[in-house]
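Undergrad: One structure is given below, represented as structure tokens, and several questions about it will come after.
The values are calculated or read from the model by the stated rules, or taken from the named source; none is laboratory data. These numbers were taken from a predicted model, which means no experiment stands behind them. All Cβ positions, glycine included, derive from the backbone under ideal geometry; neighbour counts span all protein chains shown. Only protein heavy atoms, including side chains, enter the accessible area calculation; ligands, DNA and RNA are left aside. Shrake-Rupley method; radii C 1.70, N 1.55, O 1.52, S 1.80 Å.
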Amino acid sequence: MKIVAFAVALALVGCASTPGPVVPVEVQVPVSVPCRVPDIQRPAFAVDSLSHDADVWDMIAALRAERLQRRGYEAQLEAALKSCQASVG
């Protein structure tokens, strides 16, 4: 009986001790943040305004103009995408 009482007392003494002071640890966790980019309006492309009976030269001029419009539009979209990717990484 003395052995059981000693074992219980030893177990209780072991639980009463503290491991020491608790030191806070900084943990960095990535948090998703919505990307806030102004809306980029799709331009009215030059070919869309052509009539169906436009001659070939007007079509060629409109296609060349649309090519430049698309480059500008795509540059705006890529800049918005890069700004969102930069805010994440």
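Undergrad: Starting from region 51-79, keep only residues that are within 17 Å of residue 40 (Cβ to Cβ), then list their pairs with residues that are outside any helix (DSSP H, G or I) and among the β-branched types (Val, Ile, Thr) whose Cβ atoms are within a distance under 7 Å, requiring at least 6 positions of separation or different chains.
TA: 76/40; 77/40
Undergrad: Another question, then. Can you find a residue in region 44-66 that is among the basic types (Lys, Arg), in a helix (DSSP H, G or I), modelled with pLDDT of 80 or more and open to solvent by 60 Å² or more (accessible area, probe 1.4 Å)? Steps first, please.
TA: Initial filter on region 44-66 (among the basic types (Lys, Arg)): 64.
Then keep just the ones that are in a helix (DSSP H, G or I); that gives 64.
Among the residues that remain, those that are also modelled with pLDDT of 80 or more are: 64.
Filter again for open to solvent by 60 Å² or more (accessible area, probe 1.4 Å), leaving 64.
Yes, the conditions are met somewhere in region 44-66.
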